[in-house]
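Inspection log for the structure reproduced underneath, given as structure tokens.
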Amino acid sequence: MIDPTLRGFIKKEFIQALRDRRMRFILLMMPLVQMTIFGVAISTEVKNIRLAAFFNAKDNVLRDVYERAIMGGWFIPAKAAGRIAQHPFELIRANKADAVLVAPPKGFTHELGRKTAPLQLLIDATNVVQAESVEAYLKAILADTVASDLKVAASPPPPIRFDVRVLFNPSLDTATFMVPGVMVMIMVITTFLLVVMGVVREKEQGTFEMLIAAPVSRTELIFGKTLPYVVIGMADLPLMLPVSVLAFHVPLRGSFLYLFFATLVFVSTIVAAGLLTSTFCANQQQASMGSFLFMFPAIMFAGIIFPIENMPPSVQVFAAIDPLSHYLILLRDIMLKGSTIGLLDRHVLALVGIAAFSITASFARFRTTLR
């Protein structure tokens, strides 16, 4: 038998933990939702690799290689337009392709008539896991295609010399791939938690009502509460960047000004998202759970651990509205590829759009309180 006093304490704790409707939803429903989404989304299998090929119209063998690669399900066609489509290196640098096949000047089919047939393969190694699989996939497809296309001709088929160029991370160093992801996680954890806990603490202590009664406008109050957190969040960049470059040897090939601008947009977006989250929380317990519910999915869908390309298209929608995924692409491309904001403007615009939505929704949530 349980002691009546102990039984009373246990009953009281259950009632206190579950009496709030929002906490019941968080504790009981969200694990089911997250398990369903992550069970579908998480996969270590490398697929949906964006492949481009440069060859002339008479190069039948390389055309067959490209078509077999696309039909096999591991690769998808790389999409590009304008001048970028004419430059294999720029195609990868602009994040439009993950791998590019480049035929020799006289065509790959013509070279198969010689003793050795050269074929160049460019691989984007900013994603180490994907880069390690691309070459093996293409070699197998190439061997199959050449053997099939030349079965009437000479047997065995002539040897093929794969000239592989691993771009932006030639040593396939895992730290070069992972450190930018760690930087993103540190920035979101510190900034988001500070914003949510700071605003909710004001509500709990009753000082938020004092601020409402002060002779300031709603706009001044909200921006006055959030802009200091933007400055605090930006302070992480000069702290982490030297460690990344000097201790882990992650290159900084792009402009620091581009990196600073991208980080400023990202931190502002996270602060706006934190402000919106705080409007749904009445106490710090709810703020802690709400922060977890934002950060855990955001990190999982960002491509830090599992590539976004491996997720089903229906789940990639979540990555498209995840600010971490856009900033991680900006961070890796500026640091590892030396890309400019002009090549990455869609990710900057996506962050601005998420920030604008969060601020607008926060104003709407505060409207009834701050009149």
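Restricting attention to region 30-55, the residues that are surrounded by fewer than 20 Cβ atoms within 10 Å (Cβ to Cβ) and at pLDDT 85 or above total 1. Selection of region 333-368 for residues being within 13 Å of Ile321 (Cα to Cα) and either not hydroxyl-bearing (Ser, Thr, Tyr) or not assigned by TED's automatic domain parsing to the domain that holds Phe294 (or both) yields Arg346, His347, Val348, Leu349, Ala350, Leu351, Val352, Gly353, Ile354, Ala355, Ala356, Phe357. Screening region 96-138 for residues that are buried (at least 20 other Cβ atoms within 10 Å of the Cβ) and among the acidic types (Asp, Glu) and picking the one that is farthest from the chain's Cα centre (by Cα) gives Glu111. The number of residues in region 316-363 being surrounded by fewer than 17 Cβ atoms within 10 Å (Cβ to Cβ) and over 11 Å from the mean Cα position of the chain (by Cα) comes to 14.
The values are calculated or read from the model by the stated rules, or taken from the named source; none is laboratory data. All values derive from a computational prediction rather than experimental measurement. Backbone-built Cβ (ideal geometry, glycine too); neighbour counts: all protein chains shown.
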